[in-house]
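See structure below.
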Amino acid sequence: MTEVRTSSLCERPCADIEETGEAPSDAGGMECSRRRKVHSLIDKVYDPANLAEAWKRVRENKGSAGIDGLTVAGFEQRQDELLERLHKQLREKTYRPSPVKRVAIPKLGGGTRNLGIPSVRDRVVQQALVQKMNPIFEPLFADCSFGYRPGRSPHMAMRKVWREIQEGNFWILDADLRADLEAASYCPRAYGVTSNSMG
């Protein structure tokens, strides 16, 4: 008989989530389902202190200008005005992100990779969102998840894979959905399968 083993770190990634027994439905009645309690964060996102902290982090990261041509240095010269405008637009729900500037950068093995560069002001808003959402959602991610997470790197993911192999777990999934979704946007048949499977 073959022994089936699962990773001890990934068996129940969301076992500690506090859930409610009942939550009001949109129709005003009660819906018997398990839901998390959700509170509005938008007022915390557009709080001037949070926007100022977000701007500080964007400034430290530097980066190129987006499609609007405004550089980090240009934003810094008008930071009080631009942060106040972002605060007002977010509060009044009139904020609209700019299109992302697309730049093709060469790959080492030939070809190019498309890189999207958001405007500085959009990066400030994104950072403001991350600062308020990360403390809520980061603890819910599985310990075996490494992509786009603070304090985690590809090297840490490889060490995890090596430990799993050493423990006898030979099934490891490495998925790159980006390439799959790029292909789906060009192939109507694949897009239909993707959109139907998603919802």
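In the range 89-142, what residues are among the basic types (Lys, Arg), out of contact with any strand residue (DSSP E or B) (no Cβ under 6 Å at 6 or more places or on another chain) and surrounded by 11 or more Cβ atoms within 10 Å (Cβ to Cβ)? 91, 121, 123, 132, listed by residue number. The criterion of at least 2 residues that are at pLDDT 85 or above is met, among helices (runs of 4 or more DSSP H) falling completely within the range 98-186, by 120-137, 154-166. Looking across the range 100-131, the residues that are within 27 Å of residue 77 (Cβ to Cβ) and not hydrophobic (A, V, I, L, M, F, W, C) come down to 101, 102, 116, 118, 119, 121, 122, 123, 126, 127, 131.
The values are calculated or read from the model by the stated rules, or taken from the named source; none is laboratory data. Just so it is clear, the model here is predicted, and its values are computed rather than measured. In this analysis, Cβ positions are derived from the backbone assuming ideal geometry, glycine residues included, and neighbour counts consider all displayed protein chains.
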